[in-house]
Amino acid sequence: MAERIVVFGATGYTGDLVSRALVQRGARPVLAARNEARVRALAEELGGLEWATADVDRPDTVRALVERGDVLVSTVGPFTRWGEPAVQAAIAAGAHYLDSTGEGAFIREVFERFGPGAQAAGCGLVTAFGYDWVPGNLAGALALRDAGEAATSVHIGYFNPGAGAGSSSGGTRASSADIMLSPGFAWHGGHIVDERPARHGRSFEISPGKQARAISMAGSEHFALPRIHPGLRDVGVYLGWFGAASEPLRALSAGMSVATALPGVRDALQGLLAHVVKGSSGGPDAEARAPITSVILAEAYDSSGTRLAGVRLEGINFYDLTAGFLAWGAETAAAGGLQGTGALGPVDGFGLDALQAGCAEAGLARVL
């Protein structure tokens, strides 16, 4: 029997999309948010769903949302500010957990700090189970499978044709600001190393004869892909959202890493951004999302630098993909389809074939 699915942050932009995606799949999630009037109204709109109030400033209210075997989906970000209460609530209850974060610092916390507690509690934590960073995990795993044991590195690029300046939600802008101010990491030389965001740049062929530039970021791929390919020495994850601004952003990141190393500077900047960049300010509607598409590329290489395999995924816009991924993942986990406990990546959590099928349901498929 499937257990309950609880969407925490249901009245936010991403939480609303996830709640609707679950209902479209035939599920009846419990909706949770801090504003009683808004969460009650959404629950009524979506067919008389069960609802609850919970606030990260009162962790006991978050803990009360779930019981053993339930699935808690958290969309309350930026996660480096507000994500911990939901993870701790899931571990304390023995509930499975998925979230929509793209923030490297929080991802690292889940794998290194919270994972052992979840394993002891017998529950699974699948962080970054949205557009950040499910597609790269899928593309990278497919490329590594195609390449075979000789593969020692994989490089993954994310691109979004049709995305414009107004295509980001308030939550995305707030999380992006936190990412640029937080320490990053990467899988290099067979282990996790500290690495600032945008340290590296790389070009990918996004169409025949056309190269696009992208900058390096910390994603869950750095933790998850080495688990499924033991010979992997290096993982590169790159965002190609910025076009001509990619190289200036790399220079800005270098300067920020120097400045934020000074005592008190990072905390001061994060405090300022918390007031200037608001997380709960909505996002693009369905009409504005429609022209945006997603292209994810992965290339696997051997130790000599010879390209062994390449994968191309194409799909719909990143917000609807995130909603679809989380809805599929939550429903699958609730039905007993999560493989393992502790901090899990998308592939070791659900299996490669199942993940590929789930991503196709959400609107992302392999084309090459």
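Observations
- Amide H contacts of Ser294: Gly315, Ile316, each under 5 Å away and 5 or more positions distant or on a separate chain (H built 1.01 Å from N in the peptide plane; Pro and chain starts excluded).
- Distance between the C-alpha centres of the stretch 62-127 and the stretch 209-227: 24 Å, rounded to the whole angstrom.
- Less than 5 angstrom separates the built amide H of Asp55 from those of Thr61, Val62, all sequence-distant by 5 or more or on a different chain.
- Average accessible area per residue (Å²) across the chain - probe 1.4 Å, nucleic acids and ligands excluded: 40 Å²
- Sorted from longest to shortest, the spans of the Cα atoms of the chain along the three principal axes equal 56, 45, 43 Å.
- Under the criterion of Cα pairs below 8 Å and six or more residues apart, the relative contact order for the stretch 274-368 equals 28 percent.
- Close amide-amide hydrogen proximity is noted between Leu308 and Ala300, Tyr301, Asp302, each under 5 Å apart and 5 or more residues distant or on a separate chain (H modeled in the peptide plane; Pro and chain starts excluded).
- The apolar share of the surface of the stretch 1-67, taken as the fraction of accessible area on carbon and sulfur atoms (1.4 Å probe, ligands and nucleic acids excluded), comes to 44 percent.
- The stretch 220-228 - phi-based ³J(HN,Hα) in whole Hz, Karplus 6.51/-1.76/1.60, Gly and Pro as x: 5, 3, 5, 8, 7, 5, x, 5, 9
- In a simple Cβ point-charge model (Lys, Arg +1; Asp, Glu -1; nothing else charged), the chain has a dipole of about 500 debye relative to its Cα centre.
- Calculated [θ] (222 nm, deg cm²/dmol) that DSSP helices of n ≥ 4 give over the chain, each run adding -39,500 (n - 2.57): -12000 deg cm²/dmol
- With all protein chains in place and a 1.4 Å probe, the accessible surface of the stretch 298-368 carries 51 percent carbon and sulfur.
The values are calculated or read from the model by the stated rules, or taken from the named source; none is laboratory data. All values reported here derive from a predicted model rather than from experimental measurement. Because the Cβ atoms are built from the backbone with ideal geometry, glycine has one as well, and the counts that use them run over all protein chains shown. Note: areas computed on protein heavy atoms with side chains; ligands, DNA, RNA excluded. Shrake-Rupley method; radii C 1.70, N 1.55, O 1.52, S 1.80 Å.
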